[in-house]
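Scroll down for the structure; my scribbles are underneath it.
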Amino acid sequence: MTVLDGARERWVRTGGVELCVAELGDPHRPTVVLVHGYPDSKEVWSEVATRLADRFHVVLYDVRGHGRSTAPSPLRGGFTLDKLTDDFLAVADAVSPGRPVHLVGHDWGSVQSWEFVTVKRTEGRIASFTSMSGPSLDHFGHWINRRLRRPTPRRVGQLLGQGAKSWYVYLLHTPVLPELAWRGPLGKRWPGILRRIEKVPGGDYPTPSLPSDAAHGAWLYRDNVRPRLRRPRDDAYAHAPVQLITPLGDAFLSERLYDELELWAPRLTRRTLPAKHWVPRTRPDRLADWITEFVTAVDAGRPEAAASGKYADRFGGQLVLVTGAGNGIGRATAFAFAEAGARVVAVDRDAEAAARTAELSRLIGAPAAWAETVDVSDEQAMEKLADKVAAEYGVVDVLVNNAGIGMSGSFFDTTPEDWKKVLDVNLWGVIHGCRLFGRQMAERGQGGHIVNTASAAAFQPSRALPAYSTSKAAVLMLSECLRAELAGQEIGVTAVCPGLVNTNITSTAHFAGVDADEEIRRQRRTARLYGLRNYPPEKVANAVLEAVVRNRAVVPVTPEARGAHLLSRFVPGALRRLARVKPPL
């Protein structure tokens with residue numbers, strides 16, 4: 001039994017082989033053809049295909065010699081790119097006569113699809129192409145030649161790096177040995193290897209035809225790699241819009257392979273994904289979203305990505321939830337993700353402020369943005385929010401626990417009620433967010449990232465901020481602990497630690513031990529001091545996005561925060577002496 005058992009099945013004859021073709025969804029809708037890689041069968045796409053079937057006519061086929069398709073005889077010369085192109089055209093003509101198809105390829109499915117989208121005889125049959133983990137052999141050949149002709153140290157390093165990643169290609173060119181390995185111990189152990197190294201979910205990777213598929217597929221390399229790399233075509237230009245999805249942790253392909261891709265694919269949309277090679281199994285939600293977005297855009301006549309902000313290739317289409325998004329760092333962070341093309345959920349206890357953030361996020365570039373009102377310290381309200389977000393918008397890809405309040409005053413002036421208030425928002429709000437949304441990320445099994453806004457006060461003691469500093473130090477340690485626990489599930493956790501940032505937290509901070517008039521005076525004085533410092537929240541927002549991209553653990557943002565962080569690590573005594581200084585309030 002497989003996920004595709006409910007699919008409609010047909011057989012397509014071409015070039016002496018019979019191809020097994022499966023179809024899902026309404027045939028009257030746009031057709032998306034999924035082409036699998038090596039040593040896979042069409043079943044590798046099952047999780048992506050079922051997610052696309054509600055919107056599209058989804059077609060999958062076993063490449064010749066794989067799955068339930070028959071193999072050519074003889075094998076030698078039976079897997080050339082020219083014959084694979086014949087197969088694609090035969091499938092396209094059978095499932096979508098008279099209408100172009102949207103092509104999606106992974107690994108060798110992408111390699112051969114680059115051939116389909118760059119040869120003259122397929123013009124008009126392909127509406128768009130989404131490529132992942134598989135370059136054009138022609139583009140690869142020119143990439144190598146440019147580096148050999150002008151061998152700068154950087155280019156030599158790139159060649160050596162990709163050469164090391166391509167170790168398996170050399171082995172597959174050896175006679176007999178690959179076939180013996182796949183039909184022997186390697187074929188039996190392969191699913192376990194993927195589960196252990198690639199984090200492919202256990203128990204669902206299709207294996208029945210793996211030994212023969214892998215043995216036949218060795219001829220994909222033997223029939224094509226050396227001939228095409230030696231004599232790459234000079235006219236290998238894509239005649240359809242291309243979406244490139246690059247897994248950043250791909251063990252087999254370097255990101256640098258695609259450095260000059262715009263030369264060959266002028267209508268190019270780039271995406272990056274913090275994942276390893278087998279993304280059809282490990283990131284089906286993300287791939288389905290991006291394929292849907294791209295296909296819909298192409299059919300609407302706008303193939304280019306709408307988002308143009310920094311990191312648009314990384315966050316485009318992702319779902320980002322930001323608490324405390326009504327103003328300050330939270331609002332700036334929501335805007336930064338919106339500019340990068342993310343879908344944004346702006347959460348704040350001020351309904352009007354949250355709505356304004358969502359409205360502006362849509363204007364800035366977010367494909368969608370919603371406002372939600374909640375008090376992050378309210379456990380039941382946060383549980384309802386988490387359920388609503390998952391049901392209506394999906395599982396969050398990036399969570400930013402930013403909501404917080406200020407609190408100043410000596411330890412003995414700070415009442416138990418003051419302590420409860422600051423810890424409920426600054427610490428328990430973060431705990432609730434991590435527990436609820438983080439659990440959803442973990443259960444989905446497709447990674448994600450959690451950002452917790454701490455503060456330079458987390459590692460910089462102060463006689464004036466015992467409650468606030470304690471709450472932020474707890475957030476910092478919680479982030480470190482959670483990062484360790486979730487690392488194996490590819491969920492990153494970051495503690496962002498700003499210093500003095502020009503936001504309205506100072507004008508709303510509580511000052512313990514003083515009357516109302518004195519509190520207002522201190523709020524105004526502190527706000528003026530922060531205003532004179534004038535460090536904008538947008539810089540913190542940029543640091544948040546960079547921290548997610550680079551999966552950083554602790555990010556001191558402002559110069560004084562970075563200085564205090566260094567002192568806390570190397571000269572903690574100096575910080576303790578500074579903590580004794582009475583603030584000028």
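When Leu171, Leu194 are checked against the criterion of being assigned by TED's automatic domain parsing to the domain that holds Leu137, of a type in the set (A, V, I, L, M, F, W, C) and either closer than 21 Å to Pro284 by Cα or modelled with pLDDT under 85 (or both), a single residue qualifies: Leu194.
Counting just the residues of the stretch 1-43 that are among the polar types (S, T, N, Q) and in the same structural domain as Arg281 (by TED's automatic domain parsing), which one comes out surrounded by the fewest Cβ atoms within 10 Å (Cβ to Cβ)? Taking the candidates together, the pick is Thr14. For the stretch 1-59, filtering for residues that are free of Cβ contacts under 8 Å to residues at least 40 places away in the same chain, within 23 Å of Val117 (Cβ to Cβ) and either assigned to a loop (DSSP other than H, G, I, E, B) or polar (S, T, N, Q) (or both) leaves 2.
So is Arg51 more than 26 Å from Glu179 (Cα to Cα) and not small (Gly, Ala, Ser) or not? Break it down stepwise before answering.
Details: more than 26 Å from Glu179 (Cα to Cα): yes; not small (Gly, Ala, Ser): yes.
In short, yes.
Is there a residue in the stretch 92-110 that is buried (at least 24 other Cβ atoms within 10 Å of the Cβ) and either free of Cβ contacts under 8 Å to residues at least 40 places away in the same chain or not assigned by TED's automatic domain parsing to the domain that holds Val242 (or both)? Within the stretch 92-110, not a single residue is buried (at least 24 other Cβ atoms within 10 Å of the Cβ) and either free of Cβ contacts under 8 Å to residues at least 40 places away in the same chain or not assigned by TED's automatic domain parsing to the domain that holds Val242 (or both).
Has the stretch 281-288 got at least one residue that is outside any helix (DSSP H, G or I) and in contact (Cβ under 8 Å) with a residue 24 or more places away in the chain? Steps first, answer last, please.
Step one: filter the stretch 281-288 for residues outside any helix (DSSP H, G or I), giving 283.
Those left that are additionally in contact (Cβ under 8 Å) with a residue 24 or more places away in the chain: 283.
Yes, because at least one residue in the stretch 281-288 is outside any helix (DSSP H, G or I) and in contact (Cβ under 8 Å) with a residue 24 or more places away in the chain.
Does Ala275 satisfy being among the hydrophobic types (A, V, I, L, M, F, W, C), crowded, with 21+ Cβ neighbours inside 10 Å, outside any helix (DSSP H, G or I) and outside the structural domain of Glu443 (by TED's automatic domain parsing)? The answer is yes for Ala275.
The values are calculated or read from the model by the stated rules, or taken from the named source; none is laboratory data. Only a predicted model underlies this, so the values are computations on that prediction, with no experimental measurement involved. Backbone-built Cβ (ideal geometry, glycine too); neighbour counts: all protein chains shown.
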